């Protein structure tokens, strides 16, 4: 949550006079407004003060919960937003991007009356794209429907380890989660689907509307093994697996494909996750990515390396925290990240990569850093022509998709070898599977074959906030003493807010999910 948004929430709170009215005015979840005001220092309770004081002493969330005899979820809800970095700029590029996303989506909702004309235009554009694909031999070889290969099954799982027993009850009773622990999807995707296209499919599957930043990540143990936790090891994989170090003021180079301005968000998303798949951001090109990384290393041939932040000695100056001077190329990733704030971090995956090239079947053998990237292959891109890039082989059996860094949604992605478990459990029939495979191949688009849990909504405060929303909607009238001082009309206002954000409790069939 950036400084500008915090100031906006604080200003609204001053005029509105209550947390609930502030949340309603801004269209945010109550819990998110409260956390923002705690961060800004404009709201506190004896409990939040106690939590904050323990956090300043260096206590973990788990230790605070144990100390105060409460849940980790409640502790997290009353802590300020945190980001342990030095010299954080007043407004980061993430803040700029998020602000632009919010403005873009607000404008889009205001122009929904033009949906019919836009849909006609999109259908025309799609037909032209298909014609280009059929008439270009190089593109047809790499991306034509006849070469699509066997569809791939992915299992998507969204969960939160901090939810308690009552949260699980709410999610199971009202959120249509069979276990109350997670919200899951199973999909079939075309064999050459990119991470970039998968991003849009995940948005649609979970009910989000692309109003926030996102990224794909490897499991931490795989990332550490591949990079050896060194700048040198990480640098060898720039342009092969990982995004480069972006120059200042070029956020559009990373998110420039998010061109939604008006019309039906569902139609726009469908266009993004439907093949043929051709995505190559300028800084995802291997030659450009490596060049930017080399410039980054050259500019920091003698950099100051800082000690870790000490909660017990917060008044220690930055100059006094310098541990040594050394080239960045000789540093560990931990030391570099303590000393330099890199927009986007160091572990965001390239989104031009195909899911099949990166992700192995669950439990299958994977390769290490030495097993890929050495062979260069030629690929043809409509906007770039023939491009040489490193060959990538499966290095992991699990990926993580991150969406909205404030709400902290994380979807675990695994690749399954087949669909026997769904068929044997009665969740899918052979006929439904055959029909889904046919749709993937003929329509060149992913298909949902199983769902467990309802659609979510943006800006609700993550899994915990969504559960709180369900609790207010379905059980607010049953509570004798609500946990927070809700107004009598909270349920009605919460429903209005959620519907205004595009949320619906209506069950959607698998065929209509994508």
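Applying the selection to the stretch 212-263, what residues are at pLDDT below 85, in a loop (DSSP other than H, G, I, E, B) and within 29 Å of residue 456 (Cβ to Cβ)? Those that are at pLDDT below 85, in a loop (DSSP other than H, G, I, E, B) and within 29 Å of residue 456 (Cβ to Cβ): 256, 257, 258, 259, 260, 261, 262, 263. Of the residues that make up the stretch 181-196, is at least one out of contact with any helix residue (DSSP H, G or I) (no Cβ under 6 Å at 6 or more places or on another chain), in the same structural domain as residue 412 (by TED's automatic domain parsing), in a helix (DSSP H, G or I) and surrounded by fewer than 20 Cβ atoms within 10 Å (Cβ to Cβ)? So far as the stretch 181-196 goes, no, none of its residues is out of contact with any helix residue (DSSP H, G or I) (no Cβ under 6 Å at 6 or more places or on another chain), in the same structural domain as residue 412 (by TED's automatic domain parsing), in a helix (DSSP H, G or I) and surrounded by fewer than 20 Cβ atoms within 10 Å (Cβ to Cβ).
Here's the yes/no breakdown for (1) modelled with pLDDT of 50 or more; (2) more than 24 Å from residue 306 (Cα to Cα); (3) not assigned by TED's automatic domain parsing to the domain that holds residue 31:
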site	(1), (2), (3)
52	yes, yes, no
56	yes, no, no
59	yes, no, no
62	yes, yes, no
67	yes, yes, no
70	yes, yes, no
78	yes, yes, no
89	no, no, yes
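Only one of (1) over 21 Å from the mean Cα position of the chain (by Cα); (2) modelled with pLDDT of 90 or more fails for residue 486. Which number is that? The single condition residue 486 does not satisfy is (2).
Restricted to strands (runs of 3 or more DSSP E) entirely inside the stretch 362-455, those with at least 3 residues that are over 30 Å from residue 228 (Cβ atoms) and in contact with a helix residue (DSSP H, G or I) (Cβ under 8 Å, 6 or more places away or on another chain) are 447-452.
For residue 62, indicate whether it is under 19 Å from residue 164 (Cβ atoms), surrounded by fewer than 17 Cβ atoms within 10 Å (Cβ to Cβ) and either free of Cβ contacts under 8 Å to residues at least 12 places away in the same chain or out of contact with any helix residue (DSSP H, G or I) (no Cβ under 8 Å at 6 or more places or on another chain) (or both). Yes; evaluated as a whole, the condition is true for this residue.
Give the residues of the stretch 28-52 that are assigned to a loop (DSSP other than H, G, I, E, B) and in contact with a helix residue (DSSP H, G or I) (Cβ under 8 Å, 6 or more places away or on another chain), sorted by residue number. Correct list: 28, 29, 42, 43, 44. Considering 45, 39, 22, 12, which residue is within 23 Å of residue 469 (Cβ to Cβ) and exposed (fewer than 13 other Cβ atoms within 10 Å of the Cβ)? Going through 45, 39, 22, 12 in turn, the sole match is 45.
The values are calculated or read from the model by the stated rules, or taken from the named source; none is laboratory data. Because the structure is a prediction, the values reported are computed rather than measured. Don't worry about glycine lacking a Cβ; one is built from the backbone with ideal geometry, like all the others, and counts go over all protein chains shown.
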